[in-house]
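Report on the following structure.
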Amino acid sequence: MRARTITIPCDSVGLGELPALVVEPDLELDTASVLLFLHGKGETGSSLGTLPLVCVHQTPPFQALLGRLPDTLVIAPQAPPIPTLDDWNWREHVKALAEFLAHRYAKQRVVASGFSRGGLGILQLVSAYPDLVQAWALVDPQPARDQAETNAILPPPAVSERGWLRYGLFRNRSERWKTFSSLLFEQLLEENRDSTELPHAEMAVQAYCGSPLSVSTGKKNLYDFLGLNFQYAQR
């Protein structure tokens, strides 16, 4: 396993590049699956010093650093809090990410996952570039900004079959969040979706540590669905 930092060219307003953490496996890189991970609201940053935040919630780059994704190359870009922490969005960077992945890993299998606002970012990516990733998994994605974007990013059947979702049912959750999650839920195959009453951050930790959907029904966990070899921690 080797970890390094790179920059992804980006022509978003006021931004020329995105920093990214890359964790590479100890094998021929052109045979590795590529996993793109997009972080949530609280993990933004504007310098290499903040890049480790993409590992918060024990996300795929964190798991890869521990050696638990031995056959996977993980890429975790970091978005800056522009214009503000509350208002930034992966929407501005989707084109740059798609061009980077298509150019750098054209001959490799690419999958994607995102948490919270990063989950919305993955939907924005796969709706704009439906042939880019072979499978995608979302953990409690943030709702789209309005009905027009909701209509635009809900995946068509051919794309929804490649999707996996876990989202939260909280008493204090806004109706907008509940409505969006429910609409997305209905778009996916029943065996690839689940809901839970776990808190937002805890849901991410459990999903990225490889816990399954609904244990009693034998549904796949996030890594099994994405077709990745995940090595569980030794007890």
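The values are calculated or read from the model by the stated rules, or taken from the named source; none is laboratory data. It should be emphasised that the depicted structure is a prediction, and the values quoted were computed from it without experimental measurement. Quick reminder, even Gly has a Cβ in these numbers, built from the backbone with ideal geometry, and neighbours come from all protein chains shown.
Does Gln108 count as in contact (Cβ under 8 Å) with a residue 40 or more places away in the chain and closer than 26 Å to Asp30 by Cα?
Details: in contact (Cβ under 8 Å) with a residue 40 or more places away in the chain: yes; closer than 26 Å to Asp30 by Cα: yes.
Yes; evaluated as a whole, the condition is true for this residue.
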### Message
Of the conditions (1) touching a residue at least 40 places away in the same chain (Cβ under 8 Å); (2) of a type outside the set (A, V, I, L, M, F, W, C); (3) surrounded by fewer than 24 Cβ atoms within 10 Å (Cβ to Cβ); (4) closer than 18 Å to Ile8 by Cβ, Gly118 satisfies every one except a single condition; which number is it?
### Response
(3)
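Restricting attention to the range 159-170, does a residue exist that is acidic (Asp, Glu) and free of Cβ contacts under 8 Å to residues at least 60 places away in the same chain?
So in the range 159-170, the residues acidic (Asp, Glu) come out as 161.
Imposing the further condition that a residue be free of Cβ contacts under 8 Å to residues at least 60 places away in the same chain reduces the set to 161.
Scanning the range 159-170, I find at least one residue that is acidic (Asp, Glu) and free of Cβ contacts under 8 Å to residues at least 60 places away in the same chain, so the answer is yes.
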## Note on the structure
Matching residues in the range 33-46 (surrounded by 20 or more Cβ atoms within 10 Å (Cβ to Cβ) and over 25 Å from Met203 (Cα atoms)) number 0
### Task
Name the single residue, out of those in the range 219-235 being closer than 28 Å to Ala158 by Cβ and either out of contact with any helix residue (DSSP H, G or I) (no Cβ under 9 Å at 6 or more places or on another chain) or of a type in the set (D, E, K, R) (or both), that is surrounded by the fewest Cβ atoms within 10 Å (Cβ to Cβ).
Gly227
### Task
Provide a single number: the residues in the range 1-32 that are surrounded by 12 or more Cβ atoms within 10 Å (Cβ to Cβ), free of Cβ contacts under 8 Å to residues at least 60 places away in the same chain and small (Gly, Ala, Ser).
1
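Restricting to the range 59-70, give me the number of residues that are of a type in the set (A, V, I, L, M) and surrounded by fewer than 18 Cβ atoms within 10 Å (Cβ to Cβ).
Here is the first cut: in the range 59-70, the ones of a type in the set (A, V, I, L, M) are 64-66, 69.
Then drop every residue that is not surrounded by fewer than 18 Cβ atoms within 10 Å (Cβ to Cβ), which leaves 65-66.
Within the range 59-70, residues that are of a type in the set (A, V, I, L, M) and surrounded by fewer than 18 Cβ atoms within 10 Å (Cβ to Cβ) number 2.
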### Tabulated pairs, the range 141-153, first closer than 19 Å to Asp86 by Cα, second hydroxyl-bearing (Ser, Thr, Tyr), C-beta under 6 angstrom, 6+ apart or interchain
Gln142/Ser116; Ala144/Thr150
### Query
When both residues are 6+ apart or on different chains and their Cβ atoms are under 6 Å apart, which pairs have a first residue that lies in the range 66-91 and is within 27 Å of Leu222 (Cβ to Cβ), and a second that is crowded, with 23+ Cβ neighbours inside 10 Å and among the β-branched types (Val, Ile, Thr)?
Val74/Val23; Ala76/Val54; Gln78/Val54
### Pairs, first over 14 Å from Pro19 (Cα atoms) and surrounded by 15 or more Cβ atoms within 10 Å (Cβ to Cβ) in the range 47-58, second at pLDDT 95 or above and among the hydroxyl-bearing types (Ser, Thr, Tyr), C-beta under 6 Å, six or more apart
Gln58/Tyr208
